[in-house]
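The values are calculated or read from the model by the stated rules, or taken from the named source; none is laboratory data. Please read these numbers as outputs of a predicted model, since none were measured by experiment. Cβ atoms come from the backbone with ideal geometry, glycine included; neighbour counts cover every protein chain shown. Heads up: the accessible areas ignore ligands, DNA and RNA and are worked out on the full protein's heavy atoms, side chains in. Shrake-Rupley method; radii C 1.70, N 1.55, O 1.52, S 1.80 Å.
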Amino acid sequence: MTTRTSSKNPAEARHGRTDPGLTAVMGERRQLINLAYRLLGSLADAEDVVQETYARWYAMPPRRREAIESPGAWLTKVSGRLCLDLLRSARARRERYVGEWVPEPLPDRTEWVGGRSGGASADPADRVTLDESVAMAFLVVLESMRPAERVAFILHDVFRYPFAEVAEVVGRTPAACRQLASSARRRVHASRGMATPKAGQADIVREFKEAWEAKDVRALVALLDPDATAVGDGGGLVRAALHPVEGGTRIAYGLVEILDTAASDMTFLERTVNGQPGLVAQQDGVTVSVLAFDVVGDRIKRIWAVRNPHKLRPWTT
């Protein structure tokens, strides 16, 4: 389902024509959603930011809007500043969050097995381009950055905005923004392990799924890095570990315990999660968890299990 926004006002509809300026403004929506999601790690917050951006645009007198030479640049600047404000307040919000906070996972239009149509809503995937800049491992690194650092890096390195324009959003000089982006770039590079082709990742995640279904602790341990980390996000609404679980063996036994104590049988579906091979866990046909993986070499280094139902909205709509 694709979000549609009418581009005609009543007067234009009567005359059977569309305002090209209005069409251009509304055409920026997808770009703004893409930007805001990468900055915030939350589709819900990204949608709120974009809605507020358009509200501010239409709150301006028509003459002032007409005087803006580049509506796209204006919308991006406002969205970026709103995201920056949210990021600055996020620290206090995260301190009140119950357990670990994991970015909101996004589905793809199709399963990564055989290209069959998946059961998840295609709507977020229609609006957010899935590439390496939305991979869960990448978003988690972004979470460790200072707000201005994150905004400068995403605007410049991902969306290719010049530092002069980045400076207008961040409120610093272009030179300072260059330094912020450079610092963020070093963090990203330092976090990357040996690249594993997506097909190889899919094979490893599939083996993990089969071992988990079979409750095969030995096979799970063999697939997990000895220093692997598993993070659960229940948001205090559903059961999840309040702190990361460290160590491949400990994680393997914990996974089997989940199946042993589940109220009903759990089914695992192979799905694309933030552009990478992942899993969706369902009970009685209801999605209860989305798992993203960081595969380094031939082992799973990190697992993120999102169970907070508010963050599973794109998977259950």
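Assorted remarks:
- Here is what passes the span test in the chain: the DSSP H helices with alpha carbon length of 15 Å or more along the helix axis and a Kyte-Doolittle mean of 0.0 or above are 248-261.
- Two-site FRET efficiency, Glu69 against Asp265, from Cβ-Cβ distance with R₀ of 41 Å, rounded to 0.05: 0.10
- Using a probe of 1.4 angstrom and keeping all protein chains present, the accessible surface of the chain works out to 50 square angstrom per residue.
- Estimated FRET transfer efficiency when R0 is 22 angstrom, pair Phe159-Thr23 (beta carbons, to 0.05): 0.50
- Protection proxy ranking, peptides 176-183, 233-240, average beta carbon neighbours within 10 Å, highest first: 176-183, 233-240
- Note on Cα extents along the principal axes in Å: of the candidates [x] 52, 47, 36; [y] 69, 48, 37; [z] 64, 41, 41, the value calculated from this structure sits at [y].
- Positive-end residue of Val169, Val188, Gln276, charge dipole of the chain with Cβ unit charges: Val169
- Counting protein heavy atoms only, the chain has 51 percent of its accessible area on carbon and sulfur, 1.4 angstrom probe.
- Per-residue ellipticity at 222 nm, computed for the chain from helices alone with -39500 (n - 2.57) per DSSP H run of at least four residues, works out to -15500 deg cm²/dmol.
- Charged side chains reduced to their Cβ positions (Lys and Arg at +1, Asp and Glu at -1) give the chain a dipole of some 1180 debye around its Cα centre.
- Estimated dipole of region 120-257 in Debye, rounded to 20 [Cβ of Lys and Arg +1, of Asp and Glu -1, Cα centre]: 460
- Between amide H atoms placed 1.01 Å from N, distances below 5 Å from Arg146 occur with no residue 5 or more places distant or on a separate chain.
- Of the chymotrypsin sites (Phe, Trp or Tyr not before Pro) found in region 54-101, not one falls in a DSSP loop while having at most 12 other beta-carbon atoms within 10 Å.
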